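None of the figures in this text is laboratory data; all of them are computed from the coordinates on show. Predicted model, so just to flag it, every value in this text is computed and none were measured. Cβ coordinates were reconstructed from backbone atoms using ideal geometry, including for glycine residues, and neighbour counts include every protein chain displayed.
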Ligand code: TZP
Ligand code: MG
């Protein structure tokens, strides 16, 4: 198991629009619960821009640094470079994988893929890990594709593709183990942590599920 595979186990994604309280409070609790990876994803209605976006990113990055948790930025390559973030996560509608790879050098590059072909080209063009989903129905991403379960994860593994993979979409502590059993290395979640009554306990429960202890 590579360090990246290990680090992707409990991957928390969040921005201010996903939080019911201060984002820094939510992140603090998630860190206390044991998240292993973090992505700043400032998107949707009411999302911050410019200096406010930068300030929040910087603050959350500082918290991640303190706990040696990799800090990635969603979509915004310029912000990731300005902050010297650990990496970026992009989708198919963003700049091409090869272009982003050029821009970020050896920083971590995560790519969302939905088909076998997207996966093989992303791999060839320099992705470090794949985000695959929505696995289960989700209300968090407005333009999400229909949920397709774990079929693509299984197909990639059956074909010997061993790049690190995280599942995304509607994942919680009840269903996380099924995503791992299908061949993912970790689970990425937004609301299972950000909307939890206790983000700390929700994170703990996710970790237990990922580790297969229940
Ligand atoms: N990409 C596919 S589903 C999704 C993203 C960003 C949203 C995941 O959010 P949640 O709340 O964990 O279902
Ligand atoms: Mg994107």
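Data table
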item: Residue exposure sequence - 125, 211 - by fewest surrounding Cβ within 10 Å; result: 211, 125
item: Normalised alpha carbon radius of gyration of segment 1-124 [divisor 2.2 N^0.38 Å]; result: 1.05
item: Length-normalised contact order of segment 60-183 in % [C-alpha pairs under 8 Å, at least 6 apart]; result: 17 percent
item: Segment 1-147: relative contact order in percent, alpha carbon pairs under 8 Å with at least 6 residues between; result: 15 percent
item: Segment 11-54, relative contact order [Cα under 8 Å, separation at least 6], %; result: 54 percent
item: Residues 19, 64 arranged by fewest to most Cβ contacts within 10 Å; result: 19, 64
item: Taking 1, 63, 14 and counting other C-beta atoms within 10 Å, the order from fewest to most; result: 1, 63, 14
item: Size of the chain as Cα extents on the principal axes (Å, biggest first); result: 43, 42, 32
item: Packing-based ranking, highest mean first, of 143-151, 88-96, 3-11 given that Cβ atoms within 10 Å are counted; result: 3-11, 88-96, 143-151
item: Additional length obtainable on full extension of the chain from residue 197 to residue 1, 0.36 nm per residue less Cα span; result: 67.3 nm
